[in-house]
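No value in this document is a laboratory result; all are computed from the given coordinates. What you are looking at is a predicted structure, and each value in this text was computed from that prediction instead of being measured. Note that we place each Cβ from the backbone using ideal geometry, even for glycine, and neighbour counts take in every protein chain shown.
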Amino acid sequence: MQGLDTASRSHSVPPAPVIAIDGPSASGKGTVAQGVAGALGFHYLNSGALYRTVAVAATRARLDLENELGLHDIALNINAKFYGDHVELEGQDVTDAIRTEAISEAASRIAAFPKVRSALLERQRKFRRLPGLVADGRDMGTVVFPDAALKIFLTASPEERAARRYKQLMEKGMSANMAALLQDIRARDGRDSDRAAAPLQKSADAILIDTTRMSVAEAIAQVLALYKQASRAP
Ligand code: CDP
């Protein structure tokens, strides 16, 4: 009887709440998600960093990026660790390596393969721990955490997103070209939205936040207010 009791009690423990923040490239998801996680003391999952790390591992292994089975194997087995913004692959710091333009492109390509996505599913779900999780990506609310307490679709106009990326690159002392950045953002939007596997799309139960004319602080405040509302609802 004791065993039964324990079992039924463990079933009644509600899972850690999740705030899913999805949206297109350079919409500010990461910054907003980290701000929300910090304010609530929640864990944070940057799922894009996971896809980027698989892209780095595949590139380093000189794998053909069309080799879906090979990519599946890498995605399933990579030894990657995430510490805030820092990422380690096989014990090596790859924080900067996952952010290059070549890896952005490779990540977006390999993310289109269903076998890569399925290999990363459980790994992403393991980030769900008490007191809660803020997860950002493309399919957090639609595929990975469909029971999220709050689903946000964060976006901004392509021009605004290109301008933000331009500013970021300038601040890092890197050269950038606005027209090329805009073209790249449009191409990545197209690839993320048109792919068959977990395409980027706002689900009916996600709340749209357009940050084109909004500061980061305002966007964070809005998500926190929505979460307060959602967690009060019966
Ligand atoms: O920095 P950016 O917003 O462009 O990308 P990211 O969030 O770091 O994600 C890198 C790539 O991984 C994107 O181009 C997406 O195609 C892909 N991705 C995905 O397919 N699903 C996710 N949940 C997160 C990222």
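Condition first: within 13 Å of the ligand (Cβ to nearest atom) and either touching an Asp or Glu at 6+ places or on another chain (Cβ under 9 Å) or not in a loop (DSSP other than H, G, I, E, B) (or both). Now tell me which residues in segment 116-132 satisfy that. Outline the logic, then answer.
Filtering segment 116-132 for residues within 13 Å of the ligand (Cβ to nearest atom) gives 116-121, 123-125, 127.
Hits for segment 116-132 are V116, R117, S118, A119, L120, L121, R123, Q124, R125.
Restricting to segment 81-103, give me the number of residues that are more than 19 Å from R62 (Cα to Cα) and touching a helix residue (DSSP H, G or I) at 6+ places or on another chain (Cβ under 7 Å). Of the residues in segment 81-103, 2 are more than 19 Å from R62 (Cα to Cα) and touching a helix residue (DSSP H, G or I) at 6+ places or on another chain (Cβ under 7 Å). Taking segment 138-175 as the range and being more than 17 Å from S27 (Cβ to Cβ) and either part of a loop (DSSP other than H, G, I, E, B) or hydroxyl-bearing (S, T, Y) (or both) as the test, the residues that pass are F145, P146, D147, A148, A149, K172, G173, M174, S175.
One line per residue, one yes/no per condition, for (1) farther than 15 Å from I207 by Cα; (2) aromatic (F, W, Y); (3) surrounded by 18 or more Cβ atoms within 10 Å (Cβ to Cβ):
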{"residue": "A97", "(1), (2), (3)": "yes, no, yes"}
{"residue": "V116", "(1), (2), (3)": "yes, no, yes"}
{"residue": "A156", "(1), (2), (3)": "no, no, yes"}
{"residue": "E159", "(1), (2), (3)": "yes, no, no"}
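Considering only segment 200-219, I want to know if a residue exists there that is at positive phi and out of contact with any strand residue (DSSP E or B) (no Cβ under 9 Å at 6 or more places or on another chain). The answer is no, given that none of the residues of segment 200-219 is at positive phi and out of contact with any strand residue (DSSP E or B) (no Cβ under 9 Å at 6 or more places or on another chain).
Conditions tested, residue by residue: (1) among the β-branched types (V, I, T); (2) within 17 Å of the chain's Cα centre (by Cα); (3) more than 15 Å from the ligand (Cβ to nearest atom).
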| position | (1), (2), (3) |
| --- | --- |
| A176 | no, no, no |
| D194 | no, no, no |
| P199 | no, yes, no |
| M214 | no, no, yes |
| E218 | no, no, yes |
| Q222 | no, no, yes |
| S231 | no, no, yes |
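Of the residues making up segment 29-40, those that are more than 11 Å from the chain's Cα centre (by Cα) and of a type in the set (G, A, S) are G35, A37, G38, A39.
Which count do you get for residues in segment 31-55 that are touching a His at 6+ places or on another chain (Cβ under 8 Å) and within 15 Å of the ligand (Cβ to nearest atom)? It would help to see each step written out before you state the result.
Within segment 31-55, the subset touching a His at 6+ places or on another chain (Cβ under 8 Å) is 37.
When the remaining residues are screened for being within 15 Å of the ligand (Cβ to nearest atom), the result is none.
Going through segment 31-55 one residue at a time, the tally reaches 0.
When residues in segment 67-98 are screened for being out of contact with any strand residue (DSSP E or B) (no Cβ under 9 Å at 6 or more places or on another chain), acidic (D, E) and more than 16 Å from the ligand (Cβ to nearest atom), 1 of them pass. For beta carbons closer than 6 Å, sequence separation of 6+ or different chains, a first residue in segment 191-219 that is in a loop (DSSP other than H, G, I, E, B) and a second that is of a type in the set (A, V, I, L, M) and within 13 Å of the ligand (Cβ to nearest atom), the qualifying pairs are R195/A112; A198/V143; T211/A156; T212/A156.
Between A135, A106, A112, the distinction of being within 12 Å of the ligand (Cβ to nearest atom), small (G, A, S), in contact with a helix residue (DSSP H, G or I) (Cβ under 9 Å, 6 or more places away or on another chain) and part of a loop (DSSP other than H, G, I, E, B) belongs to A112 only. Inside segment 10-28, residues that are in a strand (DSSP E or B) and over 12 Å from the mean Cα position of the chain (by Cα) make up a count of 1. With the requirement that a residue be surrounded by fewer than 16 Cβ atoms within 10 Å (Cβ to Cβ) and either among the charged types (D, E, K, R) or within 13 Å of the ligand (Cβ to nearest atom) (or both), what does segment 138-154 give you? Across segment 138-154, the qualifying residue is only D147.
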